[in-house]
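The values are calculated or read from the model by the stated rules, or taken from the named source; none is laboratory data. All of these numbers come straight from a predicted model, not from anything done at the bench. Cβ placement follows ideal geometry from the backbone for every residue including glycine, while neighbour counts extend to all protein chains displayed. When the accessible area is computed, the model is the full protein with side chains, heavy atoms only, and any ligands, DNA or RNA have been set aside. Shrake-Rupley method; radii C 1.70, N 1.55, O 1.52, S 1.80 Å.
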Amino acid sequence: MSGNIKFIQGNEACAEAAVYAGLDFYAGYPITPSTEITEFLASRLPQIGGKFLQMEDEIASLCAIIGASLTGCKVMTATSGPGFSLMQEALGYAIMAEIPCVIVNVQRGGPSTGLPTHGSQGDVNQARWGTHGDHAIIALTASNHQDIFALTVEAFNLAEIYRTPVILLLDEVVAHMRERLVIPQPGEMPLVERLKTTVNEGVDYHPYLPREDGRLPMSDFGGPHRYNVTGLFHDMWGFPSSEPRAVHGLLRHLVDKIENRVNQLARYKEYYIEDAKHLLVSYGSSARSARHIVEKRRSRGERIGLLELQTLWPFPHEMVREKCAAAQAVIVVEQNMGQILQVVKLAVDQPDKVFLANRIDGDFIMPSDILNILRLIQGKGV
Amino acid sequence: MVKKAYLRERFFPHLWCPGCGHGMVLNGLLQAIEKMGLSRNEIVMVSGIGCSSRITGYVDFHTLHTIHGRALAFATGVKMARPELNLIVPMGDGDALAIGGNHFIHAARRNIDITAIVMNNRIYGMTGGQFSPLSGEDVRATTAPYLTIDPGFDVVELSKAAGATFVARTTTYHIQQMSDIIQQAILHEGFSVVEIFSQCPTYFGRKNKAGDAVDMIAYFKKNTTPIGSTAKKENPDLIERGVFVQKEKPEYCSQYEKLVQKAMKGR
């Protein structure tokens, strides 16, 4: 623990982690409450020889980092709800063309301009289904700065392993809150570097022919292999194809490479789950209040636990089902109208025992809010 | 005759209609590249969506076929990451200046070293003949059954105002001029715009009774004239072609290099 100790915002923790993970190239557009990430990197990246671009809008930012990623750079952009909406077409492109990139969405209240300076977790389903067409996506979240750091590094690693955009769903509360962060020493956290092709110059390279393990080694633009990248369904050369076998094969590949690895991708934390009669399921800033309640009630001997989700998508159905199996009641704590509640209900054996403790007025969900719901479920009244 | 080495013959035949001008643009472009002796590995071609944008599939460069209107934003990322590469961005008129108008003016404003080629056939071909922001008034299209009331952009004036440091216009009739201009545009250090009038006999031609491909190309010959010609003075309705702007101004990637030096010193 001789690491560099900081007292900073969640947004800065995310930006520090991106640099730690090897960020080479960032493009962004100012939007509350994510702007500090862009500001931090505008200052830091040129100092370490990286590239920083302020683009004309959010979709241009995502397009620019996709272009840079194809030259071999590790890339990121950050935004909030309205900007994330604008990015959706380019996000689908990154999924289809299998471009490693990290997209941070610091959630604020929506829809539309909504509540720019207030917290919310309303973009959970947008992260899953915001872009059109069948697809799979990886979306991670975190409730404190140390975890933001770890999950940001993880986001970069997963983007490289699976050749896919990874969404980091932060929220205004953790992003603007200041707390302690210990920056790990270089080498302390494993970093995944770009998997490059070993095919020699002059030999036919197939950019979209997966290896046996499903991974696709890349060749940088500017390198010896010239190939086509497109958002159309394509064959193993990257050339457009509407041949049914090619279309079916590519869509299955895009979905299976993520959905078949749900358990490997599941990141979560658990507190006092083993004997919990009442199990809270939460994530992001909401999990802080949930944990407060759990610690407090445990000290009084109450059998209550917390499952804190860090991987939201692909949703870890099996893991959640197992953890919830013994509980009498499962209470999903989130700052939206029940977006994770719905998938938890699908995951568990008895959906009727799943309840929602939420807040949708822009104020942070307080331990007392959760407590009131808990008392109602327990039949104690408020 | 253009070297076959620049083409991906595996992916032919191309999808353009008989008589389409886009193949002529491809020819002029490859002639320019051949004359310059550029290696295929030094070129990244980025395109958006539309008939014109399919050009990337047919050439053996690093090719990026992206989403509608955003090709210049992708190209900006590639260029910033690897400034030593030559970025060529062919776009259709709708792609470049309707949905892509914002990226177009901002790429020009930055003066980033990218060659933008606007293949202007004044119509959306891929979707079947709708009017574009370059159609101009009194044009018939599937979305203008009573003729257009929308004025068109002047690509040259727009590019100049937005800050492009090389601006030119030519047509598919003037293949030699086209290839010379594209060569100058690629050599130019900064954002260069080449507008090329290209014919769409299938939609623009049929809808507007403009005749077949040959008639449409002949129209380009008859209705355009070199910049500042006597003909222009006598007939102001003629459209000028040639190089309108060619000036030196700091290029974005080299400016960024200076910024990096400053940032590293201040550390």
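Considering every residue within the stretch B:147-156, establish whether at least one is more than 20 Å from B:Ala107 (Cβ to Cβ) and in contact (Cβ under 8 Å) with a residue 60 or more places away in the chain. I'd like the intermediate steps shown before the answer.
Initial filter on the stretch B:147-156 (more than 20 Å from B:Ala107 (Cβ to Cβ)): B:147-152.
After this cut, where a residue has to be in contact (Cβ under 8 Å) with a residue 60 or more places away in the chain as well, the list is none.
The answer is no, given that none of the residues of the stretch B:147-156 is more than 20 Å from B:Ala107 (Cβ to Cβ) and in contact (Cβ under 8 Å) with a residue 60 or more places away in the chain.
Taking B:Gly77 as meeting all but one of (1) over 22 Å from B:Gly163 (Cβ atoms); (2) within 14 Å of another protein chain (Cβ to nearest Cβ); (3) small (Gly, Ala, Ser); (4) surrounded by 24 or more Cβ atoms within 10 Å (Cβ to Cβ), write down the number of the exception.
Status for B:Gly77: all satisfied but (1).
So that you can scan it fast, the table gives a plain yes or no per residue for (1) open to solvent by less than 20 Å² (accessible area, probe 1.4 Å); (2) in contact with a Pro (Cβ under 9 Å, 6 or more places away or on another chain); (3) farther than 23 Å from A:Ile138 by Cβ; (4) in the same structural domain as A:Gly122 (by TED's automatic domain parsing):
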residue: A:Arg178; (1), (2), (3), (4): no, no, yes, yes
residue: A:Val192; (1), (2), (3), (4): no, no, no, no
residue: A:Asn200; (1), (2), (3), (4): no, yes, yes, no
residue: A:Asp213; (1), (2), (3), (4): no, no, no, no
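So which pairs qualify, if the first residue must be in the stretch A:26-49 and outside the structural domain of A:His118 (by TED's automatic domain parsing), the second must be open to solvent by less than 30 Å² (accessible area, probe 1.4 Å), the Cβ gap must be under 9 Å, and the two must be at least 6 apart or on different chains?
Listed by first residue and then by second, the contacts come to nothing, as the list is empty.
Out of the residues in the stretch B:133-165 that are of a type in the set (A, V, I, L, M, F, W, C) and farther than 20 Å from B:Val194 by Cβ, which is most open to solvent (accessible area, probe 1.4 Å)? Before you say what the answer is, go through the steps one by one.
First, pick out the residues of the stretch B:133-165 that are of a type in the set (A, V, I, L, M, F, W, C): B:134, B:139, B:141, B:144, B:147, B:149, B:153, B:155-156, B:158, B:161-162, B:164.
Applying the additional criterion that residues be farther than 20 Å from B:Val194 by Cβ yields B:139, B:141, B:144, B:147, B:149.
Details: B:Val139: 5, B:Ala141: 2, B:Ala144: 5, B:Leu147: 63, B:Ile149: 143 Å².
Ranking the candidates gives B:Ile149 first.
Assess whether A:Ala60 counts as being under 28 Å from A:Arg226 (Cβ atoms) and in contact with a His (Cβ under 8 Å, 6 or more places away or on another chain). If you could, list the steps in order and put the result at the bottom.
Numbers: under 28 Å from A:Arg226 (Cβ atoms): yes; in contact with a His (Cβ under 8 Å, 6 or more places away or on another chain): yes.
Yes, satisfied.
Is there any pair linking a residue in the stretch A:54-70 that is more than 7 Å from chain B (Cβ to nearest Cβ) and closer than 8 Å to A:Ala27 by Cβ to one that is of a type in the set (Ser, Thr, Tyr) and surrounded by fewer than 24 Cβ atoms within 10 Å (Cβ to Cβ), with Cβ under 7 Å and at least six apart or on different chains, and which?
Short answer, once both residue conditions are applied: A:Gln54/A:Tyr29; A:Ser61/A:Tyr29.
How many residues does the stretch B:17-61 hold that are small (Gly, Ala, Ser) and open to solvent by 40 Å² or more (accessible area, probe 1.4 Å)?
Our first condition is that a residue be small (Gly, Ala, Ser); within the stretch B:17-61, this holds for B:19, B:21, B:23, B:28, B:32, B:37, B:39, B:47-48, B:50, B:52-53, B:57.
Retained after the next criterion (residues that are open to solvent by 40 Å² or more (accessible area, probe 1.4 Å)): B:37, B:39.
So the count comes out to 2.
With respect to A:Ser241, determine if the residue is in contact with a strand residue (DSSP E or B) (Cβ under 8 Å, 6 or more places away or on another chain), within 14 Å of chain B (Cβ to nearest Cβ), open to solvent by 20 Å² or more (accessible area, probe 1.4 Å) and among the polar types (S, T, N, Q).
On the way: in contact with a strand residue (DSSP E or B) (Cβ under 8 Å, 6 or more places away or on another chain): yes; within 14 Å of chain B (Cβ to nearest Cβ): yes; open to solvent by 20 Å² or more (accessible area, probe 1.4 Å): yes; among the polar types (S, T, N, Q): yes.
Yes; evaluated as a whole, the condition is true for this residue.
Quick check on the stretch A:286-296. Is at least one of its residues closer than 30 Å to A:His234 by Cβ, in contact with a Ser or Thr (Cβ under 7 Å, 6 or more places away or on another chain) and in a helix (DSSP H, G or I)? Please lay out each step first, then the result.
First, pick out the residues of the stretch A:286-296 that are closer than 30 Å to A:His234 by Cβ: none.
No, the stretch A:286-296 contains no residue that is closer than 30 Å to A:His234 by Cβ, in contact with a Ser or Thr (Cβ under 7 Å, 6 or more places away or on another chain) and in a helix (DSSP H, G or I).
Of the numbered conditions (1) more than 9 Å from chain B (Cβ to nearest Cβ); (2) open to solvent by 20 Å² or more (accessible area, probe 1.4 Å), A:Leu232 satisfies every one except a single condition; which is it?
Tallying (1) more than 9 Å from chain B (Cβ to nearest Cβ); (2) open to solvent by 20 Å² or more (accessible area, probe 1.4 Å), A:Leu232 fails exactly one: (1).
If I ask for residues that are under 16 Å from B:Gly57 (Cα atoms), away from every other protein chain (no Cβ under 14 Å) and hydrophobic (A, V, I, L, M, F, W, C), which ones from the stretch B:1-15 would you list? Break it down into steps so the answer makes sense when it comes.
Looking only at the stretch B:1-15, we keep the residues that are under 16 Å from B:Gly57 (Cα atoms), and these are B:4-15.
Applying the additional criterion that residues be away from every other protein chain (no Cβ under 14 Å) yields B:4.
Once the filter is applied, which keeps residues that are under 16 Å from B:Gly57 (Cα atoms), away from every other protein chain (no Cβ under 14 Å) and hydrophobic (A, V, I, L, M, F, W, C), the stretch B:1-15 yields nothing.
Could you check, for the stretch B:113-125, whether at least one of its residues is at the interface with chain A (Cβ under 7 Å from one of its Cβ atoms) and touching a residue at least 24 places away in the same chain (Cβ under 8 Å)? Don't jump to the end; show me each part of the working.
Going residue by residue through the stretch B:113-125, those that are at the interface with chain A (Cβ under 7 Å from one of its Cβ atoms) are none.
No.
I'm checking my understanding of the structure. Among residues of the stretch B:174-222 that are among the aromatic types (Phe, Trp, Tyr) and outside any loop (DSSP other than H, G, I, E, B), which one is most open to solvent (accessible area, probe 1.4 Å)? I'd like the intermediate steps shown before the answer.
So in the stretch B:174-222, the residues among the aromatic types (Phe, Trp, Tyr) come out as B:191, B:197, B:203-204, B:219-220.
Okay, now just the ones that are also outside any loop (DSSP other than H, G, I, E, B), so B:197, B:203-204, B:219-220.
Details: B:Phe197: 28, B:Tyr203: 63, B:Phe204: 21, B:Tyr219: 126, B:Phe220: 23 Å².
Step by step, filter the stretch B:174-222, then rank; the result is B:Tyr219.
Of (1) facing another protein chain (nearest Cβ under 10 Å); (2) polar (S, T, N, Q); (3) more than 15 Å from B:Ser159 (Cβ to Cβ), B:Asn102 satisfies all except one. Which?
Only one criterion is unmet by B:Asn102, namely (3).
Restricting attention to the stretch B:30-53, which residues are at the interface with chain A (Cβ under 10 Å from one of its Cβ atoms) and over 20 Å from B:Phe104 (Cβ atoms)?
Result: B:Arg40, B:Asn41, B:Glu42, B:Ile43.
Which of the strands (runs of 3 or more DSSP E) contained wholly in the stretch B:54-167 include at least 1 residues that are of a type outside the set (Ser, Thr, Tyr) and more than 16 Å from the chain's Cα centre (by Cα)? Show your work before the answer.
Numbers: elements: B:62-65, B:86-92, B:114-120.
Per the criteria, B:62-65.
How many residues are more than 11 Å from chain B (Cβ to nearest Cβ) and crowded, with 24+ Cβ neighbours inside 10 Å when one looks only at the stretch A:88-108? Show your work before the answer.
Taking the stretch A:88-108 as the starting set, the residues that turn out to be more than 11 Å from chain B (Cβ to nearest Cβ) are A:95, A:98, A:100, A:102-108.
Next, only the ones that are crowded, with 24+ Cβ neighbours inside 10 Å stay: A:100, A:102-108.
Result for the stretch A:88-108: 8.
Filter the stretch A:1-30 down to residues that are small (Gly, Ala, Ser) and buried (at least 24 other Cβ atoms within 10 Å of the Cβ) and give me whichever is nearest to A:Glu179 (Cα to Cα). Show your work before the answer.
Restricting attention to the stretch A:1-30, the residues satisfying the condition of being small (Gly, Ala, Ser) are A:2-3, A:10, A:13, A:15, A:17-18, A:21-22, A:27-28.
Right, trim to buried (at least 24 other Cβ atoms within 10 Å of the Cβ) and you get A:10, A:13, A:15, A:17-18, A:27-28.
Numbers: A:Gly10: 8, A:Ala13: 10, A:Ala15: 15, A:Ala17: 15, A:Ala18: 18, A:Ala27: 26, A:Gly28: 25 Å.
In this case the residue turns out to be A:Gly10.
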